Structure formats: structure tokens, C-alpha cells
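Contents: one structure, followed by commentary.
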């Protein structure tokens with residue numbers, strides 16, 4: 001692989017930087033990310049910066065970077081800090097695993113984290129630690145969800161997903177038992193075939 005790269009040029013990388021509202025000098029991060037790419041012998045093929053909080057779900061820039069990794073357009077992704085690469089530890093771990101499964105290297109510049117798809121000892125250690133943090137986060141979410149459900153029930157409030165609106169389940173099943181196809185049932189009740197199937201499944 002090294003010989004092949006020497007013929008076609010440097011390996012390509014993507015730089016991704018999410019600017020939070022607390023960042024005082026995003027220009028510093030941009031310069032250091034580009035410097036980090038140069039010192040690692042990488043050519044910047046994709047340079048994306050977007051603004052938003054860590055809890056912000058709509059991040060087209062991050063989606064573009066992940067898409068480039070999956071398509072093999074880049075061989076490494078550099079970020080300023082680990083927490084800029086996802087909304088939570090679970091999210092970060094999922095994104096990094098997607099990269100390693102795609103054969104793409106991940107570098108968090110300011111924290112000295114370098115996860116390689118070859119699975120060297122340091123990369124495995126980082127993923128193990130992240131997995132532990134993510135599992136802890138999952139446990140906290142489960143505990144908070146259970147507590148919220150208990151409080152809601154004690155207060156007499158409904159909890160969980162709202163019941164799906166649609167045709168009456170017994171009516172759907174009765175029509176099916178007459179020999180009507182799912183398409184005919186859906187037409188009769190003015191719903192999708194998928195909804196008709198779900199409503200019929202409610203009746204045991």
C-alpha cells in the first residue's frame with residue numbers, strides 16, 4: 001500500500017470541525033487541523049466546518065464526511081476534539097466504528113487520539129475505553145427512562161409512544177378473514193398496507 005501511495009501521491013483526508021457557541025477562536029482549530037494533516041503526510045481532500053451545539057441533530061457536514069469515508073474517498077478523518085465527532089459517547093463510538101470498518105483512520109488532534117483500522121494496541125485501548133463509557137451512558141439513559149416512566153404512572157399520565165391511529169384492529173382482521181387482500185383492506189380503510197398489517201397484529 002505504501003508503494004502504491006508513493007506513485008499516486010499522498011493519502012487523502014477529511015477535516016471536520018464543529019464550531020460550538022463557546023469557541024472563541026475557531027481559526028486556531030482550523031490552522032492546527034491543517035497542520036496536523038501536513039505533519040502526517042496527508043492531503044486535505046475535504047475541509048468542512050459547521051456551527052452548532054453538541055446536541056444538534058441536523059449536521060449535514062458530519063454526514064458528508066461519513067459518506068466520504070464509506071465511499072473510500074478519504075483514508076483518514078481529523079477532528080479538533082473527540083466530543084466534536086458526535087452528540088454523545090454512544091454517537092462517537094458508533095461513528096468511529098463506522099470509520100474503522102470502512103478502513104479509515106480517525107485522529108482527534110488536541111487529545112492525541114489516533115485510531116487506525118489495522119487494530120493496533122493503542123487503537124484497541126481507545127475503543128475499549130470508549131465502549132465502557134458508552135455502556136455507562138446506556139445504563140444512565142435506561143435508569144432515567146425507567147424513573148421518568150414511574151413518575152408518569154404515579155401521576156396518572158400516559159407514558160411511552162402514543163397509540164397509533166388507524167383503522168379498528170378487529171375490523172381489519174374481520175375483512176381479511178373474508179378473503180380480502182392486504183391491498184384491498186388498505187384501500188377500504190384508506191391507509192397503507194403496512195398500517196393495515198400492524199393494526200391486524202394487535203388482535204391476538
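The values are calculated or read from the model by the stated rules, or taken from the named source; none is laboratory data. Values in this document were obtained by computation on a predicted structure and should not be read as measured data. Note: ideal-geometry Cβ built from the backbone for every residue, glycine included; neighbour counts use all protein chains shown.
Points worth noting:
Residues checked against (1) within 26 Å of the chain's Cα centre (by Cα); (2) modelled with pLDDT of 80 or more:
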{"position": "115", "(1), (2)": "yes, yes"}
{"position": "134", "(1), (2)": "yes, no"}
{"position": "137", "(1), (2)": "yes, no"}
{"position": "145", "(1), (2)": "yes, no"}
{"position": "158", "(1), (2)": "no, no"}
{"position": "169", "(1), (2)": "no, yes"}
{"position": "183", "(1), (2)": "no, yes"}
{"position": "204", "(1), (2)": "no, no"}
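- Residue selection: residue 127 fails the criterion of being modelled with pLDDT of 80 or more, assigned by TED's automatic domain parsing to the domain that holds residue 16 and closer than 22 Å to residue 87 by Cβ.
- Between 110, 178, the distinction of being out of contact with any strand residue (DSSP E or B) (no Cβ under 8 Å at 6 or more places or on another chain) and in the same structural domain as residue 63 (by TED's automatic domain parsing) belongs to 110 only.
- Residues within region 107-122 that are touching a residue at least 24 places away in the same chain (Cβ under 8 Å), under 22 Å from residue 137 (Cα atoms) and crowded, with 17+ Cβ neighbours inside 10 Å, tallied: 2
- Some residue of region 78-99 being in contact (Cβ under 8 Å) with a residue 60 or more places away in the chain and more than 20 Å from residue 41 (Cβ to Cβ): yes
- Of everything listed in (1) surrounded by 17 or more Cβ atoms within 10 Å (Cβ to Cβ); (2) out of contact with any strand residue (DSSP E or B) (no Cβ under 6 Å at 6 or more places or on another chain), the single unmet condition for residue 82 is (2).
- Candidates 46, 33, 42, 28, filtered to the one that is more than 16 Å from residue 69 (Cα to Cα) and either modelled with pLDDT of 90 or more or in contact with a strand residue (DSSP E or B) (Cβ under 8 Å, 6 or more places away or on another chain) (or both): 33
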